[in-house]
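Working notes, structure below.
The values are calculated or read from the model by the stated rules, or taken from the named source; none is laboratory data. In this text the structure is predicted, and so the values were computed from the model without any measurement. Backbone-built Cβ (ideal geometry, glycine too); neighbour counts: all protein chains shown. The protein model used for the area step is the full one, side chains on, heavy atoms only, and it has no ligands, DNA or RNA in it. Shrake-Rupley method; radii C 1.70, N 1.55, O 1.52, S 1.80 Å.
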Amino acid sequence: MLKTGRVLIQKQNILQNALIQRCLSTTAVNLKTVQNADKPSKVPSEDYSFVMNIFRGQVEARQVFPYPNVLDEEQRDTLQTLVSPTTKFFEEENDPARNDSEEQINEKTLKGLWDLGAFCLQVPQDVGGLGLTNTQYARLVEIVGGNDLGVGITLGAHQSIGFKGILLFGNPEQKAKYLPRVCNGEFAAFCLTEPSSGSDAGSIRTRAELSPDGKHYILNGAKIWISNGGLAEIMTVFAQTPVLDEKTGKTKDKVSAFIVERSFGGVTNGPPEKKMGIKCSNTAEVYYDNVKIPVENLLGGLGNGFKVAMNILNNGRFGMAAALSGTMKSCVKQAVEFATQRTQFGQKINTFGSIQEKIARMTMLHYVTESMAYMISGNMDTGSQHYHLEAAISKCFASEAAWYVCDEAIQIMGGMGYMKGSGLERVLRDLRIFRIFEGTNDILRLFVALTGIQYAGAHLKELQNAFKNPTANLGLIFEEASKRMVRKVGLASPPAMEHLVHKDLASSANSVAKSIDMFGQSIEMVLIKYGKNIVNEQFILNRLASATFDIYTSAVVLSRASQALKENSETANHERLMAEAWTQEATERVAANLKAIATGKNLDTFSKMSTISRNVCAAEGIVQLNPVKF
Ligand code: MYA
């Protein structure tokens, strides 16, 4: 089919080619500011991310198919020896209800965690850690999430973000100095957020200026909502620093990252915050008053702090999916135990369709989350650098899925679930923050959509540049133009996925492939229609993000279930059912979301909603009087 299409395209007349060129050049001009007008235009480097490439309507399969299996025998053995004591500790020694009511983790429990090595899971063994891979880490974190999310945050704020910058960007001296300490009882924290800087992480005001003798940076400012902020001795702190731009000769503020010790002096903190959940974890304001940071504690280079912060967050986000997969597993277990025991109207309630649908949905959400967490950890373990969109999706998806699963577990258990004794009300309170911190889900959805669009747009721009020297770039022009035209005249098959999955899942894979094709076309449509203004079209970006989530999660579960079928595993058929059901519904949601951004009726609804919101904000609350008029 594709070949026939190519021949047809060769026969298209000059007029048609001119049309393509015009369409592409309009897009490229409009995209200028999306790509940051003051920067030299970048030729997009190839990206092996599955998610990034669906924005071009393409299947980049290598990180998704086959499902990663990265543990060697030794790593598997190590993990097995750790799983049992960790589970035992959390089930027998840690008391989540007590931690919650006392709003702290007692000394004995903390000591137990340090002794287990739970605070330094990924620090290399030669400096005192357990030296675990991301996949091994995911498995242990799952146990933590299944038992006590408050403890999870204390552990996560320390190692997933607190000292992760030293692991990722530290020079040998910084690693040798600090890594043994963070494995030996000294808490770490990640200090980014400020009163006026939450989602807009680049707008921080804390400043660090070089001292006149050039030996120190002098740090001043305040951070808020810092997990472990009242406990940490070692902090990764982000601050504005003056940086000389060698091209212009002008000095500009740029964010830099520093390793700050409380013992430097001038570091203080506020009282522990009173929170809805994760109460046993410490959250506090941290203040820096003329703190003298030795210049050698600059982390990752002057002016590179924003990238350092983003990469730390990117690197840790899969851990949240792993932890929350553990939480969901516990919620499902509790709900099922109840549903299979409880009799109403003369029947066990698990035999009713309404309860069955709940249990099935909870289970599928868990399967998707777990599959994503281990797929991303596997990608990271094999050295992938192209996982930041997938990690952001896993964080958003897991935090929303876990909220839904816990809420439904409470619903299944009815009054029993609502009682404190079930423990689920604590889990629900603990879960609420996961949609807010480490990048709110709202900002991460926009991040995923805009990053993907920018990638697709940069490729279109590259194509436009190619037209400037068509003889030299004939191959690229021909390939891209034929793809587009073939698609336009309906002769192209969608990107193929059938060959990537087990034969029993071929039909589901075809549906995902069609979704990717439609998605790629929608991205082109929005690029042409909105150009640079797409950054302001959040109603549209959110729907594109939702479609992205549905496509990626479908591919992930098809990959995992295919693997199970190929291995003929005991649970293969159960996994096939989940993958099929998930993909079926996800495909329908993708179509609905893509339709929503293309049809005038929906666009009109977005505009109405924008007006409704503006009216309410202007009225400082609900606009209309109630029906009795007072
Ligand atoms: S910690 C605080 C968390 N805070 C945030 O996450 C802040 C959210 N904000 C952002 O991420 C950014 O400001 C956004 C970009 C995304 C909004 N990777 O102009 P830009 C590049 C790589 O778009 P902005 C907490 O909550 C971009 O390409 N690069 O930037 C504690 C561009 O590069 P270039 C990225 O509009 C929770 C440049 O940066 C990324 O300012 C405790 C500028 O981009 C990225 N992601 O905003 C949790 N983003 O210049 C505990 C941007 O080259 C852990 N860029 O074109 C729990 C763990 C689980 C439990 C574990 C148990 C053990």
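Within this structure, LEU446 fails the test of being away from the ligand (no atom under 16 Å from the Cβ) and either outside any loop (DSSP other than H, G, I, E, B) or open to solvent by less than 20 Å² (accessible area, probe 1.4 Å) (or both).
Restricted to region 217-239, and to residues that are within 22 Å of LYS292 (Cβ to Cβ) and within 13 Å of the ligand (Cβ to nearest atom), which residue is farthest from the chain's Cα centre (by Cα)? Looking at residues that are within 22 Å of LYS292 (Cβ to Cβ) and within 13 Å of the ligand (Cβ to nearest atom), I get ALA232.
Would you confirm whether or not region 61-74 contains a residue that is assigned by TED's automatic domain parsing to the domain that holds LEU565, in a helix (DSSP H, G or I) and open to solvent by less than 40 Å² (accessible area, probe 1.4 Å)? Within region 61-74, not a single residue is assigned by TED's automatic domain parsing to the domain that holds LEU565, in a helix (DSSP H, G or I) and open to solvent by less than 40 Å² (accessible area, probe 1.4 Å). Exactly one residue out of ALA402, ALA392 is within 28 Å of GLN344 (Cα to Cα) and either of a type in the set (A, V, I, L, M) or touching a Pro at 6+ places or on another chain (Cβ under 7 Å) (or both): that is ALA402.
Within region 585-623, being touching a helix residue (DSSP H, G or I) at 6+ places or on another chain (Cβ under 8 Å), farther than 24 Å from ILE516 by Cα and of a type in the set (A, V, I, L, M) holds for MET609, ILE622, VAL623.
Applying a threshold of 8 Å to beta carbon distances and a minimum spacing of six or more residues, or different chains, the list of pairs starting in region 315-328 at a residue that is touching a residue at least 40 places away in the same chain (Cβ under 8 Å) and not assigned by TED's automatic domain parsing to the domain that holds GLU390 and ending at one that is open to solvent by 10 Å² or more (accessible area, probe 1.4 Å) and near the ligand (Cβ under 10 Å from one of its atoms) is empty.
Conditions (1) touching a residue at least 24 places away in the same chain (Cβ under 8 Å); (2) more than 10 Å from VAL405 (Cα to Cα), marked per residue:
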position: ALA335; (1), (2): yes, no
position: GLN347; (1), (2): no, yes
position: GLN356; (1), (2): no, yes
position: ILE359; (1), (2): yes, no
position: THR363; (1), (2): yes, no
position: TYR367; (1), (2): yes, yes
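Is there any pair with a first residue in region 290-312 that is under 27 Å from ALA392 (Cβ atoms) and a second that is among the hydrophobic types (A, V, I, L, M, F, W, C) and open to solvent by 50 Å² or more (accessible area, probe 1.4 Å) whose Cβ atoms are under 6 Å apart and which are 6 or more apart or on different chains, and what are they? Once the first residue is under 27 Å from ALA392 (Cβ atoms) and sits in region 290-312, its partners that are among the hydrophobic types (A, V, I, L, M, F, W, C) and open to solvent by 50 Å² or more (accessible area, probe 1.4 Å) give LEU299/PHE169; GLY300/PHE169; VAL308/PHE169.
Among the residues of region 356-392, just one is more than 14 Å from the ligand (Cβ to nearest atom), under 15 Å from SER554 (Cα atoms) and among the small types (Gly, Ala, Ser), namely SER371. When ASP517 is tested against the conditions (1) open to solvent by less than 40 Å² (accessible area, probe 1.4 Å); (2) not aliphatic (A, V, I, L, M); (3) not in a helix (DSSP H, G or I), the lone failure is (3). Close contacts from region 144-163, counting a first residue that is under 23 Å from LYS274 (Cβ atoms) and more than 7 Å from the ligand (Cβ to nearest atom) and a second that is open to solvent by 20 Å² or more (accessible area, probe 1.4 Å) and in a helix (DSSP H, G or I), with Cβ to Cβ under 6 Å and a gap of 6+ residues or different chains, come to ASP148/PRO96.
Scoring GLU209 on the criteria (1) open to solvent by 40 Å² or more (accessible area, probe 1.4 Å); (2) charged (D, E, K, R); (3) within 15 Å of the ligand (Cβ to nearest atom); (4) assigned to a strand (DSSP E or B) leaves a single failure, condition (3). Scan region 190-202 and give yes if some residue there is in a strand (DSSP E or B) and touching a Leu at 6+ places or on another chain (Cβ under 9 Å), otherwise no. Yes; the residues of region 190-202 include at least one that is in a strand (DSSP E or B) and touching a Leu at 6+ places or on another chain (Cβ under 9 Å). Pick from region 173-200 the residues that are aliphatic (A, V, I, L, M) and open to solvent by 10 Å² or more (accessible area, probe 1.4 Å): which of them is farthest from the ligand (Cβ to nearest atom)? Applying the filter and picking the extreme gives ALA176. In contact with a helix residue (DSSP H, G or I) (Cβ under 8 Å, 6 or more places away or on another chain), in the same structural domain as GLN563 (by TED's automatic domain parsing) and among the acidic types (Asp, Glu) - does that describe any residue in region 343-363? No: region 343-363 contains no residue that is in contact with a helix residue (DSSP H, G or I) (Cβ under 8 Å, 6 or more places away or on another chain), in the same structural domain as GLN563 (by TED's automatic domain parsing) and among the acidic types (Asp, Glu). Checking MET525, MET578 one by one, the residue that is within 16 Å of GLN58 (Cα to Cα) and open to solvent by 10 Å² or more (accessible area, probe 1.4 Å) is MET525 and no other.
When region 254-295 is filtered for residues that are of a type outside the set (Gly, Ala, Ser), more than 30 Å from LEU149 (Cα to Cα) and either open to solvent by less than 80 Å² (accessible area, probe 1.4 Å) or in a helix (DSSP H, G or I) (or both), the ones remaining, listed by number, are VAL255, PHE264, VAL291, ILE293, PRO294, VAL295. In this structure, THR86 does satisfy being open to solvent by less than 70 Å² (accessible area, probe 1.4 Å) and within 18 Å of GLY319 (Cα to Cα). In this entry, LEU82 is excluded by the filter for residues that are among the aliphatic types (A, V, I, L, M) and over 28 Å from the mean Cα position of the chain (by Cα).
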